[in-house]
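See below for the structure under consideration.
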Amino acid sequence: MRYTIRVNGRRRVVESDADTPLLWVLRDDLRLTGTKFGCGIAYCGACTVHLDGVPARACVTPISAVGTAAIVTIEGIGRSEWGRRVKSAWLDLDVMQCGYCQAGQVMSATALLAKNPRPTDADIDEAMSNNICRCCTYTRIRAAIKRAAGLPAGDTREADHE
Amino acid sequence: MNSDDASLLRDPPRSAPSPPARLSRRAFLTASVTAGGGLLLTLHLPAAARAAGAPAGRPASAEINPFISIAPDGIVTIMAKNPEIGQGMKTTLPMLIAEELDVEWKNVRAKQAMLDPIYGPQFAGGSVGTPLNWIPMQQVGAAGRQMLIEAAARTWNVPLAECDAAKGLVRHRPSGRALPYGTLARKAAALTPPELDSVTLKNPRDYTIIGKFTGGVDSARVLDGDRLFGIDVIVPEMSYAVYEKAPVFGGRVVRANIEEIRALPGVRAAFIARGSAPDAAIEMGLVDGVAIVADRWWDAEKARRKLRVEWTAQHRPRQSTQAFEQEAARLMQGAAHSILRRDGDVDAALARAAKVLKASYSYPFLAHATLEPQNCTAHAKPDGSVEIWAPTQNPGAGARLVARTLGIDPGKVKVHMTRAGGGFGRRLQSDFMVEAAMIAQRTGRAVKLLWDRTQDFHHDAYRPAGFHAFTAGLAASGKPVAFRDHFVTFAQNGRVASSANLPRDHFPAGYVPSLEFSQSLIQLDVPTGPMRNPGGNALAFAFESFIDELAHAGGLDPLALRLDLYGPPRVLPTPPSQGGLRIPPFDTGRVRGVLELVARKSGWSRRTALPAGTGMGLAFYYSHFGYVAEVVKASVNPDGTPRVHKIWAAVDIGRQIVNPAGAYNQVQGAVLDGLGQALHLLITVENGRIVQGNFDTYHLLRMDEAPPVEVHFLLSDNEPTGLGEPALPPVLPALCNALFAATGTRIRSLPINRLHSHGTTT
Ligand code: FES
Ligand code: FES
């Protein structure tokens with residue numbers, strides 16, 4: 001089947017079986033490898049992309065279900081104001097360890113802030129608990145979301161040396 | 001990596017760190033000029049150091065592998081020789097060089113080195129990256145700086161002593177003249193580099209890079225979605241591969257519906273492959289399987305799901321977690337198979353004791369579950385060589401395994417290290433590398449092999465389960481006078497399984513007058529291997545929880561009991577060096593230091609004022625040369641699950657934190673990693689196979705369960721040591737001890753939420 005999809009503002013034509021997950025169309029056909037594979041069953045969030053601004057798990061989204069939705073991936077998220085702010089907060093706080101989950105984390109965090117620019121801790125828990133970080137960078141993800149929102153972050157590194 | 005290095009990974013020295021390795025006198029630098037007029041500094045290791053340190057026994061490559069190159073525009077490129085798995089070495093090692101070279105960090109580019117003997121040991125494991133490289137990397141930088149100063153002095157024809165370097169500029173103090181490194185590079189390239197041991201290193205007060213908060217060198221690229229990880233590798237003409245293996249370890253292929261698979265859309269090849277040896281499953285080598293190669297990974301994966309393979313029956317009755325538990329309970333009733341250590345007369349001391357306590361502890365198998373599933377790209381060339389791109393912690397071992405299994409010369413295996421989406425010890429194994437190389441060789445093409453998540457769970461080298469039957473006797477004062485551990489663990493191929501041993505000197509050995517460690521073995525067909533803090537990630541829970549039981553039974557403050565057991569500050573005799581590391585003496589003063597610090601920061605002495613149902617627990621653990629004490633504050637939710645309010649960690653890894661950003665990340669990450677293990681993580685074996693197959697049944701910690709982690713470094717006057725592992729173990733017992741303080745219920749079996757989790761219970 002031939003599908004025409006919109007990825008990061010560009011029209012792309014792909015040849016694919018209807019059941020192929022969007023994740024593999026992005027990674028292997030379009031060579032947009034920033035979106036990651038972690039579980040394949042919508043349990044880890046590594047493959048999070050936006051479909052019309054809503055976070056979606058690309059690993060369980062068949063290409064046939066995408067339709068005309070605007071797809072944004074980690075490669076394109078920096079073009080939005082929230083995406084830019086989230087990425088720079090992530091760098092300022094040196095959030096990542098291995099970094100493998102972080103594309104998905106940034107996509108979820110950006111979607112949260114676009115909808116809710118002043119999230120509470122409970123909002124952050126709810127929006128971010130679908131994204132696993134095996135390196136457990138959670139304390140800094142929380143702080144970076146608050147920093148991007150301009151909220152006091154309560155730095156998680158207690159930096160006093162004895 | 002030689003066997004000494006491997007022992008560091010498998011059984012990290014328990015009484016260990018310090019005056020870290022210096023480059024041997026015979027290691028030397030050479031200088032040369034780049035085509036563009038820059039300076040290249042190349043480090044040459046003496047033959048002996050290469051043999052000991054270099055993984056694949058292949059000759060130094062003909063390509064130039066400079067440690068440092070300085071371009072005419074002043075941009076300094078520094079090779080990061082070790083794999084990057086999230087531990088931060090690609091940032092830390094170049095920081096060490098850049099500090100002594102005296103360049104501005106913004107002008108430094110860190111570049112991942114390939115596997116090459118010229119770099120010496122290249123691996124990520126055992127938390128030895130910092131102690132092994134701390135001095136050598138600074139020496140390399142200082143030698144470069146000295147040459148640039150000399151080049152400037154010659155240019156100006158002035159005495160060396162009148163010149164200084166800082167921020168990539170050499171200055172002549174009397175005249176105020178200055179020249180940038182980029183301009184001096186060509187001239188410096190003609191000089192003879194100084195002896196490495198002759199260079200003077202900076203006074204730490206003058207550091208401008210070491211000790212400064214430095215973000216990861218590749219972080220921005222990760223957030224741009226650039227191709228950095230193994231799974232992202234694309235090489236020309238590449239196909240995608242999957243490899244199906246037996247669900248029961250050691251199973252061999254009898255037959256498979258290969259013809260049917262070959263006819264599926266997109267499939268280019270499908271074949272049965274034979275494993276290399278009968279025990280390959282245990283040794284993490286190449287095992288029997290069916291390979292499918294297709295144009296896209298999804299095509300290969302869809303075809304794999306249509307595979308019908310008949311596997312051989314197993315040689316032993318099918319193993320299960322339940323049977324292991326029954327066997328352990330039976331063994332604990334009888335005499336141990338062997339005695340590991342015996343001090344004094346435990347039976348006599350128990351008979352005299354004012355109080356005797358008995359308790360059994362157990363913990364389960366665990367999977368590494370790196371978020372990036374195992375994968376590897378391999379390209380078999382017409383000349384018989386194989387080029388590999390792998391997210392590996394242990395490229396040398398991988399290259400050797402590939403060469404041996406494929407029957408090719410080790411010099412014909414070329415390994416690129418990619419960024420790895422987590423390691424935790426999983427990628428010390430090389431099974432995924434040999435599979436990819438084999439498929440590439442058989443099909444004569446470039447293939448990217450990728451495992452799906454279930455394969456990743458079902459083919460790991462698991463953290464071994466274990467069982468401890470403790471007995472202790474207390475004096476009337478409450479102090480332990482007798483201690484016994486009958487440890488039931490696993491055996492493979494006639495020896496204790498990998499990472500399943502109890503070190504003879506494990507605490508409290510040496511601190512209780514009458515003590516016995518004994519061991520009994522259960523045969524195991526499931527592969528095991530090191531996982532972040534091997535040994536410690538399991539033993540700390542059992543021992544430090546039981547120590548807490550002793551404190552409560554003896555009416556003592558758990559902090560006071562530990563301080564009392566370790567005794568006054570003193571340095572114990574120095575053990576011999578291991579794997580190129582000189583092992584520093586164990587210092588009880590450092591134990592006291594972190595215990596007192598964590599108590600102060602957490603408000604330990606005021607814990608009795610906490611509301612009913614909330615408690616604090618404490619634990620200390622020494623591992624990988626690091627001294628770490630942690631306190632957990634916790635209560636229990638209405639549904640009976642624990643709620644962790646906050647965790648404090650006090651860490652002594654020496655006088656200098658090389659990169660505070662990375663250091664805090666490692667401690668916070670390790671603490672939460674351990675918390676997740678204690679709460680949820682469980683791998684069970686049924687009918688010889690692993691039950692859990694994805695994150696729906698293996699509950700990694702999530703955001704809503706992650707409490708704040710407050711980290712404090714105690715800067716003691718000792719050489720800096722590593723931090724990837726030592727902060728993990730104490731949190732498990734500290735949590736269990738906190739829950740006891742909160743509820744009066746003692747947790748003696750992990751994970752805590754075993755009954756609450758919707759995964760399989762045994
Ligand atoms: S890969 Fe899609 S949620 Fe895990
Ligand atoms: S940073 Fe490694 S999985 Fe999140």
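The values are calculated or read from the model by the stated rules, or taken from the named source; none is laboratory data. All values derive from a computational prediction rather than experimental measurement. Glycine gets a Cβ as well: all are built from the backbone with ideal geometry, and neighbour counts include every protein chain shown. Just so you know, the surface numbers come from the protein's heavy atoms only, side chains and all, with ligands and any DNA or RNA stripped out. Shrake-Rupley method; radii C 1.70, N 1.55, O 1.52, S 1.80 Å.
Annotation: A:VAL54 fulfils all but one of (1) touching a Phe, Trp or Tyr at 6+ places or on another chain (Cβ under 8 Å); (2) surrounded by fewer than 18 Cβ atoms within 10 Å (Cβ to Cβ); the unmet one is (1).
Please pick out the residue among A:THR20, A:THR33, A:THR68, A:THR61 that is outside the structural domain of A:ALA144 (by TED's automatic domain parsing) and under 20 Å from B:SER219 (Cβ atoms). Break it down stepwise before answering.
Details: A:THR20 fails: under 20 Å from B:SER219 (Cβ atoms); A:THR68 fails: under 20 Å from B:SER219 (Cβ atoms); A:THR61 fails: under 20 Å from B:SER219 (Cβ atoms).
Just one listed residue meets the conditions, A:THR33.
Contact map, region B:133-145: first residue assigned by TED's automatic domain parsing to the domain that holds B:PRO204 and within 10 Å of B:LEU29 (Cα to Cα), second residue crowded, with 24+ Cβ neighbours inside 10 Å and of a type in the set (Gly, Ala, Ser), Cβ cut-off under 9 Å, separation 6 or more or different chains; pairs are B:GLY144/B:ALA188. Of all residues in region B:666-691, those satisfying the criterion of being farther than 29 Å from A:ARG142 by Cα and among the aliphatic types (A, V, I, L, M) are B:ILE683, B:VAL685, B:ILE690, B:VAL691.
For region A:90-100, the criterion of a residue being within 15 Å of ligand 2 (Cβ to nearest atom), more than 9 Å from the chain's Cα centre (by Cα) and surrounded by fewer than 18 Cβ atoms within 10 Å (Cβ to Cβ) is satisfied by at least one position.
So, in region B:178-192, exactly how many residues are within 17 Å of B:ASN157 (Cβ to Cβ) and either open to solvent by less than 10 Å² (accessible area, probe 1.4 Å) or assigned to a loop (DSSP other than H, G, I, E, B) (or both)?
Residues flagged as within 17 Å of B:ASN157 (Cβ to Cβ) and either open to solvent by less than 10 Å² (accessible area, probe 1.4 Å) or assigned to a loop (DSSP other than H, G, I, E, B) (or both) within region B:178-192 amount to 4.
Selection over region B:477-501 of residues that are open to solvent by 10 Å² or more (accessible area, probe 1.4 Å) and of a type outside the set (D, E, K, R) gives a count of 10. Out of B:GLU686, B:GLU705, B:GLU725, B:GLU719, one residue alone is more than 8 Å from chain A (Cβ to nearest Cβ), within 21 Å of A:ASN131 (Cα to Cα) and more than 16 Å from ligand 1 (Cβ to nearest atom). It is B:GLU705. For region A:63-162, the helices (runs of 4 or more DSSP H) that sit wholly inside it and include 3 or more residues that are more than 8 Å from chain B (Cβ to nearest Cβ) and free of Cβ contacts under 8 Å to residues at least 60 places away in the same chain are A:81-92, A:102-115, A:121-128, A:138-148.
Looking only at residues in region B:436-457 that are more than 14 Å from chain A (Cβ to nearest Cβ) and open to solvent by 10 Å² or more (accessible area, probe 1.4 Å), the one that is farthest from ligand 2 (Cβ to nearest atom) is B:GLY444. Residue-level check: of (1) open to solvent by less than 10 Å² (accessible area, probe 1.4 Å); (2) at pLDDT below 95, B:GLY411 misses just (1).
It is to be established whether one or more residues within region B:561-568 are closer than 28 Å to B:GLN666 by Cα, free of Cβ contacts under 8 Å to residues at least 40 places away in the same chain and open to solvent by 10 Å² or more (accessible area, probe 1.4 Å). Looking for residues that are closer than 28 Å to B:GLN666 by Cα, free of Cβ contacts under 8 Å to residues at least 40 places away in the same chain and open to solvent by 10 Å² or more (accessible area, probe 1.4 Å), one finds at least one in region B:561-568, hence yes. All of A:ILE41, A:ILE5 fail the test of being within 16 Å of ligand 1 (Cβ to nearest atom) and among the aliphatic types (A, V, I, L, M), apart from A:ILE41. Considering region B:618-647, the residues that are open to solvent by 20 Å² or more (accessible area, probe 1.4 Å) and hydrophobic (A, V, I, L, M, F, W, C) include one that is nearest to the other protein chains (Cβ to nearest Cβ), namely B:VAL644.
What do you reckon, is B:VAL526 in the same structural domain as B:GLY724 (by TED's automatic domain parsing), open to solvent by less than 10 Å² (accessible area, probe 1.4 Å) and part of a loop (DSSP other than H, G, I, E, B)?
Details: in the same structural domain as B:GLY724 (by TED's automatic domain parsing): yes; open to solvent by less than 10 Å² (accessible area, probe 1.4 Å): yes; part of a loop (DSSP other than H, G, I, E, B): yes.
Spelling it out, B:VAL526 is indeed in the same structural domain as B:GLY724 (by TED's automatic domain parsing), open to solvent by less than 10 Å² (accessible area, probe 1.4 Å) and part of a loop (DSSP other than H, G, I, E, B).
Residue-level check: of (1) surrounded by fewer than 24 Cβ atoms within 10 Å (Cβ to Cβ); (2) hydroxyl-bearing (Ser, Thr, Tyr); (3) within 14 Å of ligand 1 (Cβ to nearest atom), A:THR48 misses just (1). Residues to consider are B:SER276, B:SER219, B:SER239; find the one that is within 22 Å of B:LEU401 (Cβ to Cβ) and not basic (Lys, Arg). Unique residue meeting the criteria: B:SER276. Listed by position, the helices (runs of 4 or more DSSP H) inside region B:260-358 whose residues that are buried (at least 19 other Cβ atoms within 10 Å of the Cβ), assigned by TED's automatic domain parsing to the domain that holds B:ALA437 and among the small types (Gly, Ala, Ser) number at least 1 are B:280-283, B:297-304. Just the residues that are in contact with a helix residue (DSSP H, G or I) (Cβ under 7 Å, 6 or more places away or on another chain) and open to solvent by 10 Å² or more (accessible area, probe 1.4 Å), please, taken from region B:143-153. Selection gives B:ARG145, B:ILE149, B:GLU150.
Which residue, of B:LEU550, B:LEU515, is in contact with a Pro (Cβ under 9 Å, 6 or more places away or on another chain) and assigned to a strand (DSSP E or B)?
On the way: B:LEU550 fails: assigned to a strand (DSSP E or B).
Just one listed residue meets the conditions, B:LEU515.
Of the strands (runs of 3 or more DSSP E) that lie entirely inside region B:367-462, those containing 2 or more residues that are under 22 Å from B:ASP116 (Cβ atoms) and away from ligand 1 (no atom under 16 Å from the Cβ) span B:375-380, B:386-390, B:413-417. Put simply, of B:LYS90, B:LYS106 the only residue that is touching a residue at least 60 places away in the same chain (Cβ under 8 Å) and among the basic types (Lys, Arg) is B:LYS90.
One residue alone among B:THR418, B:THR471 is within 16 Å of ligand 2 (Cβ to nearest atom) and either out of contact with any Asp or Glu (no Cβ under 7 Å at 6 or more places or on another chain) or not assigned by TED's automatic domain parsing to the domain that holds B:PRO382 (or both), and that residue is B:THR418.
Answer with yes or no whether B:VAL526 is farther than 19 Å from B:MET332 by Cα, without any contact (Cβ under 8 Å) to a residue 24 or more places away in the chain and among the β-branched types (Val, Ile, Thr). The answer is no for B:VAL526.
Each row is one residue, and each column tells you yes or no for (1) within 16 Å of ligand 1 (Cβ to nearest atom); (2) open to solvent by less than 40 Å² (accessible area, probe 1.4 Å); (3) at pLDDT 95 or above.
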| position | (1), (2), (3) |
| --- | --- |
| A:VAL60 | yes, no, yes |
| A:ALA69 | no, yes, yes |
| A:THR73 | yes, yes, yes |
| A:GLN102 | yes, yes, yes |
| A:LEU112 | no, yes, yes |
| A:SER129 | yes, yes, yes |
| A:ALA148 | no, yes, yes |
| A:ALA153 | no, yes, no |
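Inspect all residues belonging to region B:680-701 and state whether any of them is over 30 Å from B:GLY250 (Cβ atoms) and open to solvent by less than 10 Å² (accessible area, probe 1.4 Å). Steps first, please.
We begin by selecting, within region B:680-701, every residue over 30 Å from B:GLY250 (Cβ atoms); these are B:701.
Add one more test, that the residue is open to solvent by less than 10 Å² (accessible area, probe 1.4 Å), and what stays is B:701.
Yes, because at least one residue in region B:680-701 is over 30 Å from B:GLY250 (Cβ atoms) and open to solvent by less than 10 Å² (accessible area, probe 1.4 Å).
Of the residues making up region B:225-256, just one is facing chain A (nearest Cβ under 7 Å) and open to solvent by 60 Å² or more (accessible area, probe 1.4 Å), namely B:ARG227.
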